[in-house]
Amino acid sequence: MKPSEILRAAKAKLTSETWGKEHSWQRPGKLCASEAIMAVAANDWKSWSAVWDILMPYTGKSLTNWNDAPKRTLAEVHAAFDAAITLAEAEGR
């Protein structure tokens with residue numbers, strides 16, 4: 001899958017019912033941004049790394065820490081994914 005496709009599919013997994021903070025084992029049925037990407041990219045670490053590079057300008061070096069910030073909202077997570085999708089598509093990725 002192309003990074004833009006992974007980002008789009010991962011974003012779709014993050015809804016008001018499914019998005020969460022911290023690790024999923026601490027809150028069954030919830031996914032953080034990193035976990036959503038991993039769920040889509042599976043074991044394709046090359047693609048996961050490319051997605052990470054595209055998201056980094058919007059989230060900083062630690063997607064997990066950014067996602068888990070106390071005041072972080074799902075709307076902000078979606079906005080970062082949207083910006084990264086736009087960038088990836090503009091670059092043909």
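The values are calculated or read from the model by the stated rules, or taken from the named source; none is laboratory data. Since the structure is predicted, the reported quantities are computational estimates derived from the model, not experimental observations. Counting neighbours? That spans all protein chains shown, and the Cβs are built from the backbone with ideal geometry, glycine included. For accessibility, only protein heavy atoms count, side chains too; no ligands or nucleic acids. Shrake-Rupley method; radii C 1.70, N 1.55, O 1.52, S 1.80 Å.
Summary of values
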item: Residue, nearest to Glu89 (Cα to Cα), within the range 31-44, restricted to residues that are buried (at least 18 other Cβ atoms within 10 Å of the Cβ) and of a type outside the set (Val, Ile, Thr); result: Ala41
item: Filtered residue count, the range 69-90, keeping only those that are out of contact with any strand residue (DSSP E or B) (no Cβ under 7 Å at 6 or more places or on another chain), of a type outside the set (Gly, Ala, Ser) and either surrounded by 12 or more Cβ atoms within 10 Å (Cβ to Cβ) or touching a residue at least 12 places away in the same chain (Cβ under 8 Å) (or both); result: 9
item: Qualifying position, being of a type in the set (Gly, Ala, Ser), assigned to a helix (DSSP H, G or I) and either surrounded by 15 or more Cβ atoms within 10 Å (Cβ to Cβ) or over 11 Å from the mean Cα position of the chain (by Cα) (or both), among Ser47, Ser16; result: Ser47
item: Subset of the range 50-65 [closer than 17 Å to Trp19 by Cβ and open to solvent by 40 Å² or more (accessible area, probe 1.4 Å)]; result: Tyr58, Thr64, Asn65
item: Exclusive hit being over 16 Å from Arg72 (Cα atoms) and of a type in the set (A, V, I, L, M), set Ala33, Ala50; result: Ala50
item: The range 44-61 residues that are at positive phi, paired with ones that are open to solvent by 30 Å² or more (accessible area, probe 1.4 Å) and outside any loop (DSSP other than H, G, I, E, B) (beta carbon under 6 Å, 6 or more apart); result: Gly60/Trp66
